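The values are calculated or read from the model by the stated rules, or taken from the named source; none is laboratory data. Keep in mind that this is a model prediction, so the values were computed, not measured. In this analysis, Cβ positions are derived from the backbone assuming ideal geometry, glycine residues included, and neighbour counts consider all displayed protein chains.
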2 protein chains.
Amino acid sequence: MADSRKVGVLGGGQLGRMLIEAANRLNIQVNVLDAAASPAKQISAHEGHIEGSFKDAAAVKKLAQACDVVTVEIEHVDTHMLEEVAGEVAVEPSWKTLRTIKDKYAQKEYLKEHGVDVAESEDLEGKGVEGLKAVGERFGYPFMLKSKTEAYDGRGNFVVKTADDVDAAIKALGDRPLYAERWANFRMELAVMVVKTKDGVLTFPTVETVHEDSICKLTYAPPRNVSKATTERAQQLAKKAIGAFEGKGVFGHAPSPSTMPTSAPSSTSPSPSALRLREPSIMLNILGGKTPDSHIQVAHKAYASPNASIHLYGKGDARPGRKMGHITVTAPSLAEAEREIQPLVDFVDSQKGKPLGPRTGPTTEAPLVAVIMGSDSDLPVLKAGLQILEKLQVPFTVRITSAHRTPDWLREFSKKAADSELRVIIGAAGGAAHLPGMCASWTTLPVIGLPVKATHMDGWDSLVSMTQMPRGEPVATVGINNSTNAALLAVRILGATDLAVRERLRVWMEGNEKEVLRKDRELLDQGFEKYLKGMGKW
Amino acid sequence: MADSRKVGVLGGGQLGRMLIEAANRLNIQVNVLDAAASPAKQISAHEGHIEGSFKDAAAVKKLAQACDVVTVEIEHVDTHMLEEVAGEVAVEPSWKTLRTIKDKYAQKEYLKEHGVDVAESEDLEGKGVEGLKAVGERFGYPFMLKSKTEAYDGRGNFVVKTADDVDAAIKALGDRPLYAERWANFRMELAVMVVKTKDGVLTFPTVETVHEDSICKLTYAPPRNVSKATTERAQQLAKKAIGAFEGKGVFGHAPSPSTMPTSAPSSTSPSPSALRLREPSIMLNILGGKTPDSHIQVAHKAYASPNASIHLYGKGDARPGRKMGHITVTAPSLAEAEREIQPLVDFVDSQKGKPLGPRTGPTTEAPLVAVIMGSDSDLPVLKAGLQILEKLQVPFTVRITSAHRTPDWLREFSKKAADSELRVIIGAAGGAAHLPGMCASWTTLPVIGLPVKATHMDGWDSLVSMTQMPRGEPVATVGINNSTNAALLAVRILGATDLAVRERLRVWMEGNEKEVLRKDRELLDQGFEKYLKGMGKW
């Protein structure tokens, strides 16, 4: 036994199961309170488990007596019994935290008190139809009507679209403790896992979560088309929110905002100090479907996917919408992961009878190469290079930014470049061609200079403005007007680590070699006269 | 249940445990035949396990009756009972294969018959002292004396160094069935995991294994300083060897040669078609040590290692040398993984009382940048650049290869470059400077051209020989004699994907910025006269 202390967990669902998978590797005994053969218990064979409900006070007490520390996989537990046993056994996170977050309205008020920005909300308990109508006038429509407790995966929530919906809303949720939340117009949901230890608060990288029918369907790590500044802000917000609560543990927090203690997802490193994710990766939740084996079919389909890691939770009964497992695809780039997971997403959608129709996602592929030019007059010179990037399937973006006419925009672009997905910049300019050199001075990315032949000096001015950069800020200069080579250099730089890109380049080069060899044979066969005639040069 | 078929495994040690970890994720029931609470059983709670020995025929029969397919975690099993049950249940790999490989001499003969190169060996059963002496004369000393059966981790092996060792060898192993093997002078051991399915034979990437006291201590993925051609040859050899045997399964094969069916190491992708490893990574085996908790101490020390993944096997009694667990460190480069795992290796060595003394490994770091020059007269120009690479901790190699005096050597070097660890090439040349351009024509790697000022034309000749390459094969040209910028460009290219390198570059550039700002302040404070005097220019 690596550590003789025993951990007790209230709840043995999929989160408890993933917690135990990590604990097994460290040989730590985890005692689970839940029904017999619950998902977590299936992968943990010892006599210390307790059979019963994690909402049952006596069972919680029994568990606490057999453990050194007690935690939860879900917040819907008996916090009063946890309070009672907290004197004898460590309870993490604190029962106070669990009691606060069990009530979503209380949770929100608590976060607000601690300086965390949350959507505006109003207590509606006991206020009935009139209360709802008053909120509708104050917040405007639509607004969210939510149950304070026992709400998850969209259950206990109601979108009140107009005043006419109020009766239906009361009918749907009227027997619950309610509050209203102002409608938040959001572009996407970002989520951050937070770990609180005795030494401090640490965050995992920010991920993007995509919901369907109010249940998380896909998770993207890293988020699609989100700046590093935004992902860092999400981490800071999550850190502040979880920092406000008492107790240690792993917390799942989405700024939407719902807060729920949970175990680390299985794609994370099991090392407690390593808050990294295997990125880029995309996770697809496998839900119960129309037939009892719908979820098994999805798992079997994933066998064909070389980078897919399949997790099935060992839940018996596959009710529609029940979380039965997940599939994680990890690839060298998020775009590749998207390409690989798409057939699985399509399969899940076809199971639901959703028409595939025109593909909505992936919307855009993050560009790896930025092509910038001082003036749109450089664009015709760039044409051949842009076609090479397209041919070799390198995602790129083209922008106009002049070192002299838009120095601030060039500075802003260059300073932010290294924080984006960009890996190479091509700068085309003519004359006193400062563009790539200035860009290189503001970024750590490799900058390729394409000298464009301007009015005077036959391009020499542009060429030496790029090659003769001072020691410290190099510009990788190619031939005058040779945008093909600028693009191919970018491809080689990407190919230095991305072997798929390198292979496409190799095949392309091989094609060129064959083409020249073919011409040589033709010249030999025809003789130079006939060949020149064929060229129209005789 | 994802698949209602049940798998039976003979043996519930660490290999069985890792097999079950993978099976748990796919929700496949695995019935283990071994002692109660053996490592594999600890993470698999159901009623299907059999208590007993995997060498006991009755127990094997009982297991077979409760499963749809039977496999083994170790070859030292009762193959006669497996032969008997093979009619009623699938046995994979075949009992014939297991019977052959249980006897290492028979295994070797079998491989030889199937065209697989193995070390020369000779049967010594019943030949006594005289047989050994005869082999010593035929093979020369030293040679290996080996037990045909029940030999692993160096047990059952004896190095016969001289004719004087023969009596001691007979004393040590005389009661066993013996054979002799010609001494193999090997530089390193490479190992390949092989998967045989109904559709064919697949291999995992080749790894390097390092043994101490005849037990595997460290595993490097990829191997250190080994060409792609060699790792591929090892994969082909392993594929041929395992292809020669009947039956499906995951096989561990080291060309040393020992062949043993085993489960995939836990660092592999669980997807059955994805024969990839998480690379670069280094695995350190945790063995039982001097005190009962020596191995626990190693695991605790690894908590501080951000990229370490710890596996403890749940074995009760930690005898010295017993495999208790392993630690895998995965990092962006093998060199970083080496730096991170070294404190753990040092700790293990100190536990054993081994003096740390002068570090023997890591011997060399695979170069990421090759600096090539047409003549040693270019070396003084390169000095500043090489110092930059050293300062920013980029492993590099420097070679002399002239496009005109050693065209074949340049061609060979350039053609092989992309198959090595190299990611960037810097070519320095003067005059009709063909070196980087020819190199670029033979490789897909990015090539940086450093024009060196030669006798005439002030360097213009070198500069345009590089920039003006034809469309198709770009050379990333920097300023004349500016090796600093050539090196910094190589650093930027590596930093496009390696964020640690990028961060070192950022800090270095920040230092330069501060230095110029400091000078500006000094100039302002002193005035230009005094400043010029300080420079000795007034």
How many of the residues in the range A:1-29 are aliphatic (A, V, I, L, M), surrounded by 24 or more Cβ atoms within 10 Å (Cβ to Cβ) and closer than 23 Å to B:G325 by Cα? 3
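A quick yes/no check of all residues on (1) assigned to a helix (DSSP H, G or I); (2) out of contact with any His (no Cβ under 7 Å at 6 or more places or on another chain); (3) buried (at least 17 other Cβ atoms within 10 Å of the Cβ); (4) within 14 Å of chain B (Cβ to nearest Cβ):
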| position | (1), (2), (3), (4) |
| --- | --- |
| A:V298 | yes, yes, yes, yes |
| A:A304 | no, yes, no, yes |
| A:S309 | no, yes, yes, yes |
| A:K315 | no, yes, yes, yes |
| A:A337 | yes, yes, yes, yes |
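Each row is one residue, and each column tells you yes or no for (1) more than 25 Å from B:I388 (Cα to Cα); (2) assigned by TED's automatic domain parsing to the domain that holds B:F396; (3) modelled with pLDDT under 95; (4) buried (at least 17 other Cβ atoms within 10 Å of the Cβ).
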site	(1), (2), (3), (4)
B:I448	no, yes, no, yes
B:M457	yes, yes, yes, no
B:A476	no, yes, no, yes
B:L505	no, no, no, yes
B:G511	no, no, yes, no
By residue number, the members of the range B:486-501 that are at the interface with chain A (Cβ under 9 Å from one of its Cβ atoms) and out of contact with any Leu (no Cβ under 8 Å at 6 or more places or on another chain) are B:L489, B:I493, B:T497, B:D498
Can you tell me which residue in the range A:440-464 is nearest to A:L379 (Cα to Cα), limited to those that are at the interface with chain B (Cβ under 9 Å from one of its Cβ atoms) and touching a residue at least 40 places away in the same chain (Cβ under 8 Å)? A:I448
Looking at B:P39 and the list (1) touching a Leu at 6+ places or on another chain (Cβ under 8 Å); (2) at pLDDT 95 or above, which single condition is not satisfied? (1)
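Conditions (1) under 29 Å from A:L334 (Cβ atoms); (2) within 25 Å of the chain's Cα centre (by Cα), marked per residue:
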| residue | (1), (2) |
| --- | --- |
| A:D378 | no, no |
| A:L382 | yes, no |
| A:T397 | yes, yes |
| A:S402 | no, no |
| A:W409 | yes, no |
| A:A429 | no, no |
| A:A433 | no, no |
Filter pass, A:S414 being out of contact with any helix residue (DSSP H, G or I) (no Cβ under 8 Å at 6 or more places or on another chain) and surrounded by 20 or more Cβ atoms within 10 Å (Cβ to Cβ): no
Any hit, the range B:211-229, residues being within 14 Å of chain A (Cβ to nearest Cβ) and at pLDDT 80 or above: yes
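Please go through the range B:30-60 and give me each residue that is among the basic types (K, R) and surrounded by fewer than 16 Cβ atoms within 10 Å (Cβ to Cβ), ordered by number.
Across the range B:30-60, the qualifying residue is only B:K55.
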Of the listed residues (A:V398, A:V371), the one being buried (at least 23 other Cβ atoms within 10 Å of the Cβ) and more than 12 Å from every other protein chain (Cβ to nearest Cβ) is A:V371
In this structure, does B:A490 turn out to be touching a strand residue (DSSP E or B) at 6+ places or on another chain (Cβ under 7 Å), closer than 30 Å to B:A337 by Cβ and of a type outside the set (K, R)? yes
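Using the structure shown, decide if B:V475 is under 14 Å from A:T477 (Cβ atoms) and either free of Cβ contacts under 8 Å to residues at least 12 places away in the same chain or more than 7 Å from chain A (Cβ to nearest Cβ) (or both).
So B:V475 passes the test.
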Within the range B:174-224, the count of residues that are in contact with a strand residue (DSSP E or B) (Cβ under 9 Å, 6 or more places away or on another chain), not charged (D, E, K, R) and not in a strand (DSSP E or B) comes to 10
May I ask you to verify whether A:W442 is of a type outside the set (V, I, T), under 37 Å from the mean Cα position of the chain (by Cα) and assigned by TED's automatic domain parsing to the domain that holds A:K391? yes
Residues that are among the hydroxyl-bearing types (S, T, Y): which helices (runs of 4 or more DSSP H) entirely in the range A:1-98 hold 1 or more of them? A:79-85
Do you know which of the residues in the range A:170-209 that are among the hydroxyl-bearing types (S, T, Y) and under 28 Å from A:N285 (Cα atoms) is surrounded by the most Cβ atoms within 10 Å (Cβ to Cβ)? A:T206
Here's a check for you: in the range A:507-535, which residue that is farther than 17 Å from B:G472 by Cα and of a type in the set (G, A, S) is farthest from the chain's Cα centre (by Cα)? A:G527
Please pick out the residue among A:T467, A:T406 that is without any contact (Cβ under 8 Å) to a residue 60 or more places away in the chain, more than 22 Å from B:R506 (Cβ to Cβ) and more than 14 Å from chain B (Cβ to nearest Cβ). A:T406
Do we find a residue being more than 30 Å from B:I425 (Cβ to Cβ), more than 14 Å from chain A (Cβ to nearest Cβ), outside any helix (DSSP H, G or I) and not β-branched (V, I, T) anywhere in the range B:511-521? no
Checking the condition farther than 24 Å from B:D213 by Cβ, surrounded by 14 or more Cβ atoms within 10 Å (Cβ to Cβ) and without any contact (Cβ under 8 Å) to a residue 60 or more places away in the chain, which residue from B:G140, B:G136, B:G156, B:G126 passes? B:G136
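Among the residues of the range B:414-426, is any assigned to a strand (DSSP E or B) and over 29 Å from the mean Cα position of the chain (by Cα)?
Checked against the condition, which is being assigned to a strand (DSSP E or B) and over 29 Å from the mean Cα position of the chain (by Cα), the range B:414-426 yields no hits at all.
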